[in-house]
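The values are calculated or read from the model by the stated rules, or taken from the named source; none is laboratory data. The shown structure was predicted, so the numbers you read here are calculated from the model rather than taken from an experiment. Cβ: placed from backbone, ideal geometry, glycine included. Neighbour counts: every protein chain shown. For accessibility, only protein heavy atoms count, side chains too; no ligands or nucleic acids. Shrake-Rupley method; radii C 1.70, N 1.55, O 1.52, S 1.80 Å.
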Amino acid sequence: MSSAFQAWMEKTYKLPKECALSKQDFAASLAKGAPLPSFCLGLLKALDKVSFENLSLEQKGAVSELQQQLTGFTSLDAAKAAFSHAEPMMPFEREAHDVKRYLAGAIMELGIL
């Protein structure tokens, strides 16, 4: 994806404003019952209903990747597990912010949002 297209996707498709991932209080953003984890848990439940039989391999991969990303935003522990690939060079919080930036676009590509 080109950087111009990524910037356009980021500007055009956004999660609800309440689903912010705070840089100052990362843990509070991922606390049980907070908007972002609740939103992600709801989408994960919806994705569980998707029938994979009629999906192409590319679509199956996109759904699977989105499920992994959404799972990372369901709690602080889940975020640590999902977004610590680049540590120690990049803290998991930064990787989580990078992933969240494109999350709405990934959801939109699947036609969910």
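Measure off, as a whole percent, the carbon and sulfur share of the 1.4 Å-probe accessible area of the chain, all protein chains present.
About 55 percent, which is the carbon plus sulfur part of the accessible surface.
The dipole here belongs to the chain: it is taken about the Cα centre, uses +1 on the Cβ of Lys and Arg and -1 on the Cβ of Asp and Glu, and is about 300 debye. Once both labels are positioned 7 Å from their Cα atoms along Cα-to-Cβ, the gap between Asp25 and Leu41 label points is 1.9 nm.
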